[in-house]
Amino acid sequence: MLRTYQIDGEKVDSIDLKSLVISKGIKVSNEVYKKFSSTNRIYPDPLTCNCFILPDKTVVQMTDIALHLNYLKSAMSLQNLKQMKYFLQMNTPFRLKVSDSGKPVLMHGESTVTEVEFLPESHFYEQMTSSGMPYLGNAVLQGVDTLSFQCLWACDYARAGYPCQFCYSGGVFEQLEKRGKPMPPVPSLRDAAEMTDYAVNREKVAKILQLTGGSTMDTRAECALIRDYLKEIDSVAGLKNISGEVLIYTTPPADPSEIDKVFAAGADRVACSLEVWDEKLAQIITPGKWKFTTRKRHLDCQKYISKEYGPNKACSSFVVGLEPAKSFLEGAEYLASEGIVPIASVWIPFGRPVMGKMQAPGLDYYREVKEGLAEIYIKYGIEPPGDTGFNVCICRDTWNHRSEVSSNATGEGCCEPKSMAES
């Protein structure tokens, strides 16, 4: 059951609270790092994808604004300097501190919201591969049980001058290309396999694997490259040892059947993400996808996967907070009606301004998204990836509490959705 909390005299549930903390960020006391970093998975480094756990086990991304700004300053370019006016707008009412009883507590202003927990310690970020590549900055432990490779190769769309506005990495690739600088090093097949082996088999901190690269112009080659990564991971770590699922994010190929290579190599689900449903906003916010890939290709590929592999096998992430809730939910319902999973990733407005702003919407917006998604998941038998939920996504949390969320929204009970096997 979802826990509820009081913020400024208003009752919010854990999904509401998660959305607010993700979108507004948090200020973390140095005492928290000193007390817990030796025994728990929390580090004074923004590259480690820190999170905390609410009392009902909801996983929440912990973007420490002070650490984030220091990281941006250390990597600052002329383009970043031009964005300082946006960074100065950043403020948050959320704090994380150590209580008098020695527990980590989430604060809103001067009021205590709830005690929280951190995950057990890991030595993942201390490791290096046999080639000398550090794990830190090249893979992250996300949430309770997920290993994510978030940028296995540079984005061709960004290098061509068409990055997604919300993507910090895309902005970096664009600037490096403009200045004639080399792209950052990326994990080789072997590097990724060794990191996976450590997380899955040695420390046993991951049972879900996510692989993501930048969008490429040669989508046939991209599918083949993903296949090669999965084959190497299978050879070194054993895909059979990944007890959860393997989720692949890829650029939709011109010939949807190229995706067969990815499934044949061991993928459980494949996401070809639209990010934004509203067509006018999509042209502005995701210009490379609009220009090079096209919405039609995204939809054709997702529908191909759903037809050939069944419902819940194709996914599309959306960056929730960039468009009106109504248009996002229209897109989510359209995809769900085709057996495609809409993934709701909450916009973290601390990387790059989107359409001239770095301020996320308010609580009513996220409640509308949460309640609409619950109804959609129930109506179409859709199940998002994950188990306990990912750091920045509210889709699995909503699914885990779908009947409760839907009942609270309508004031009535509702039936359980069909199982994946029945849908």
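Summed over region 275-293, the residues that are surrounded by 17 or more Cβ atoms within 10 Å (Cβ to Cβ), out of contact with any Leu (no Cβ under 9 Å at 6 or more places or on another chain) and of a type in the set (Lys, Arg) give a count of 0.
The residue that is modelled with the lowest pLDDT, counting only those in region 378-405 that are more than 19 Å from the chain's Cα centre (by Cα) and among the hydroxyl-bearing types (Ser, Thr, Tyr), is SER403. All conditions but one from (1) in a helix (DSSP H, G or I); (2) crowded, with 21+ Cβ neighbours inside 10 Å apply to TYR334; the one that does not is (2). Residues in region 343-379 that are in a strand (DSSP E or B) and touching a strand residue (DSSP E or B) at 6+ places or on another chain (Cβ under 6 Å): ILE343, ALA344, SER345, VAL346.
Would you mind stating whether LYS296 is surrounded by fewer than 19 Cβ atoms within 10 Å (Cβ to Cβ), more than 23 Å from GLY214 (Cβ to Cβ), out of contact with any Ser or Thr (no Cβ under 8 Å at 6 or more places or on another chain) and of a type in the set (Lys, Arg)? Answer is no for this residue.
For residues that are within 16 Å of the chain's Cα centre (by Cα) and free of Cβ contacts under 8 Å to residues at least 60 places away in the same chain, scanning just region 236-255, find the one that is surrounded by the fewest Cβ atoms within 10 Å (Cβ to Cβ). Of everything passing the filter in region 236-255, VAL246 is surrounded by the fewest Cβ atoms within 10 Å (Cβ to Cβ). Working only within region 47-58, note down all residues that are touching a helix residue (DSSP H, G or I) at 6+ places or on another chain (Cβ under 8 Å) and of a type in the set (A, V, I, L, M, F, W, C). Answer for region 47-58, where residues must be touching a helix residue (DSSP H, G or I) at 6+ places or on another chain (Cβ under 8 Å) and of a type in the set (A, V, I, L, M, F, W, C): LEU47, LEU54. All conditions but one from (1) part of a helix (DSSP H, G or I); (2) at pLDDT below 95; (3) aliphatic (A, V, I, L, M) apply to VAL32; the one that does not is (2).
The values are calculated or read from the model by the stated rules, or taken from the named source; none is laboratory data. Treat the numbers as computed from the prediction; the structure is a model and nothing was measured. Note that each Cβ is placed from the backbone with ideal geometry, even for glycine, and that neighbours are counted across all protein chains shown.
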